[in-house]
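No lab work stands behind these numbers, since they all come straight from the coordinates. Keep in mind the model is a prediction, meaning the values are calculated, not measured. Counting neighbours? That spans all protein chains shown, and the Cβs are built from the backbone with ideal geometry, glycine included.
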Amino acid sequence: MSGCIEEGDAAAESEAFRARYAAIRRIHCEGAEVLPVNARPTAVGEGLLDEIRRWDAYDARVDA
């Protein structure tokens, strides 16, 4: 998510937004754990897995 939370956007301050964003991060985390074990990526797919890894690392920092 680019900038919205970091910049203090008022919409991102609502409890509903924060709860939904936390749920999305949990889902991403689960996918980030399952995909590397089960995926057999193509050259394009490897780039997608790299992006998922970056988001997983970002979410870990947000949750820390």
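Give the residue that is surrounded by the most Cβ atoms within 10 Å (Cβ to Cβ), with candidates limited to residues of the stretch 8-30 that are in a helix (DSSP H, G or I) and among the small types (Gly, Ala, Ser).
Taking the stretch 8-30 first, the residues in a helix (DSSP H, G or I) are 10-13, 15-30.
Within this subset, residues satisfying the condition of being among the small types (Gly, Ala, Ser) are 10-12, 16, 19, 22-23.
Numbers: ALA10: 7, ALA11: 9, ALA12: 15, ALA16: 8, ALA19: 10, ALA22: 13, ALA23: 10.
That would be ALA12.
Hey, among the residues in the stretch 31-61 that are β-branched (Val, Ile, Thr) and loosely packed, with under 13 Cβ neighbours inside 10 Å, which one's farthest from the chain's Cα centre (by Cα)? Lay out the reasoning, then the answer.
At the first step, the residues of the stretch 31-61 found to be β-branched (Val, Ile, Thr) are 34, 37, 42, 44, 52.
From the residues that got through so far, the ones that are loosely packed, with under 13 Cβ neighbours inside 10 Å too are 34, 37, 42, 44.
Numbers: VAL34: 14, VAL37: 18, THR42: 22, VAL44: 19 Å.
Residue satisfying both the conditions and the ranking: THR42.
Could you give me the residue pairs with C-beta distances under 9 Å whose first residue belongs to the stretch 32-43 and is closer than 23 Å to ASP59 by Cα, whose second residue is of a type in the set (Asp, Glu) and surrounded by 13 or more Cβ atoms within 10 Å (Cβ to Cβ) wherever it lies, and which are 6+ apart or on separate chains?
Qualifying pairs under 9 Å: ALA32/ASP56; ALA32/ASP59; GLU33/ASP56.
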